[in-house]
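Notes follow the structure.
The values are calculated or read from the model by the stated rules, or taken from the named source; none is laboratory data. Everything numeric in this text was worked out from a predicted model, so none of it was measured. A quick note on method: Cβ atoms are made from the backbone with ideal geometry, for glycine too, and the neighbour counts reach across all protein chains shown. Side chains included, ligands, DNA and RNA excluded: accessible areas come from the protein's heavy atoms. Shrake-Rupley method; radii C 1.70, N 1.55, O 1.52, S 1.80 Å.
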Amino acid sequence: MPDSDVLARGIELYNRQDYAGALSFFLALPPDSGAEGGDIAYFLGLCYARLGRFEDSLLYLEQVVTAGGEQGRVQQCRFLLAVIYALSGRRRLAAFELNKLLEAGYREASVYAAIAYLSWEQNDVEKSLEYYEKSLSADPENATALNGIGYVLACEDRDLAKALSFCKRAVEYSPDSAACLDSLGWVYYKLGLLADARKYLEQAAVLDRNNEKIAEHIRAVLSAEGKK
């Protein structure tokens with residue numbers, strides 16, 4: 001049986017964002033399944049990373065990078081290694097992986113923006129802002145970084161005029177991004193401009209109907225309007 005058939009169910013679960021299910025599938029593959037060890041290590045590393053089990057993820061991502069092989073896969077794993085190392089304070093290792101990515105032509109701005117987002121998810125506001133600024137230094141038109149830094153500033157009620165500028169530019173570059181529209185709407189909410197806030201948040205909700213964060217933002221705006 002070809003490797004692709006052996007791994008198909010696990011890949012399907014991963015693509016459906018059932019990372020726990022995919023992890024269980026790949027861990028349960030028997031030694032004689034016919035799947036390549038490098039392929040299994042790759043998907044285990046991705047699953048563990050998605051589940052926030054970063055130390056477990058490192059073990060498998062490092063295997064893929066050390067073994068070499070297809071450049072795109074190796075770069076993706078280096079990308080994740082750099083993010084995990086940076087978040088866990090292992091700056092030398094993070095710098096090493098980042099430099100390898102840069103040598104290979106990988107986009108610096110994307111690396112920094114990813115680290116910034118994960119820092120925000122871990123409630124490290126200062127690190128998040130630091131890395132979003134690094135991302136924008138590398139690529140001033142990076143919509144992900146513009147959106148991210150604007151949203152963080154808005155959530156922290158810090159320099160809302162600058163947050164608005166960042167988010168407006170993000171929407172200019174990515175007008176069909178629910179995330180960018182949501183962030184812009186949230187900045188307007190923080191500024192007290194409720195009609196503008198509702199306009200952009202409702203546009204975001206149309207594009208991503210099941211996003212609870214967008215729905216939460218809309219509820220906040222409606223509540224504020226009711227109090228006026």
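Things to note:
- Debye, to nearest 20: dipole size of the chain, +1 on Lys, Arg Cβ, -1 on Asp, Glu Cβ: 720 debye
- Each Cα pair under 8 Å and six or more residues apart adds its separation to the average, and for the chain the resulting relative contact order is 9 percent.
- Net dipole in debye of region 6-62 [+1 Lys, Arg Cβ; -1 Asp, Glu Cβ; about Cα centre; nearest 20]: 220 debye
- nm² value of the averaged projected area, convex hull over the Cα atoms of region 179-228: 2.8 nm²
- Viscosity 0.890 mPa s, temperature 25 °C, Stokes-Einstein D of the chain from Kirkwood C-alpha radius, µm²/s: 128 µm²/s
- In terms of its C-alpha gyration tensor, region 163-204 has an oblate overall shape, because the principal axis ratio a/c (a ≥ b ≥ c, square roots of the eigenvalues) is not below 1.5 and a/b does not outweigh b/c.
- 3J(HN,Hα) from dihedral phi, region 158-165, Karplus parametrisation 6.51/-1.76/1.60, rounded to Hz, x for glycine, proline: 10, 6, 5, 5, 5, 4, 5, 4
- Kirkwood hydrodynamic radius of region 140-228, from the reciprocal of the average inverse Cα-Cα distance over all distinct pairs: 12.5 Å.
- Folded to 0 to 90 degrees: helix 108-121 orientation relative to the chain principal axis, Cα: 70 degrees
- Once the Cα atoms are used to define both axes, helix 194-207 deviates from the longest principal axis of the chain by about 30 degrees.
- Since only Leu193, Ala113, Gly38 are under comparison, the one whose Cα sits farthest along the positive direction of the charge dipole of the chain, derived from C-beta charges on Lys, Arg, Asp and Glu, is Leu193.
- Diffusion constant of region 21-154 at 37 °C, which comes from Stokes-Einstein with the Kirkwood Cα-pair radius and 0.692 mPa s, µm²/s: 212 µm²/s
- With every protein chain in place, region 1-81: carbon and sulfur % of accessible area (1.4 Å): 50 percent
- Dipole moment magnitude, nearest 20 debye, region 96-228 about Cα centre, only Lys, Arg, Asp, Glu C-beta charged: 480 debye
- Where GluC sites (Glu not before Pro) in DSSP loops with at most 16 other Cβ within 10 Å are excluded, longest remaining stretch of the chain: 157-228
- DSSP-assigned coil residues among trypsin sites (Lys or Arg not before Pro) in region 101-183, each with at most 16 further Cβ atoms within 10 Å: Arg107, Arg158
- Degrees, to the nearest 10: 71-87 long Cα axis against longest axis of the chain: 60 degrees
- Working note: Karplus 6.51/-1.76/1.60 with θ = phi - 60° gives region 142-154 the couplings 6, 5, 4, 5, 4, 5, x, 5, x, 5, 4, 4, 5 Hz, where Gly and Pro are set to x.
- Heavy-atom accessible surface of the chain, averaged per residue, reaches 52 Å², computed with a 1.4 Å probe.
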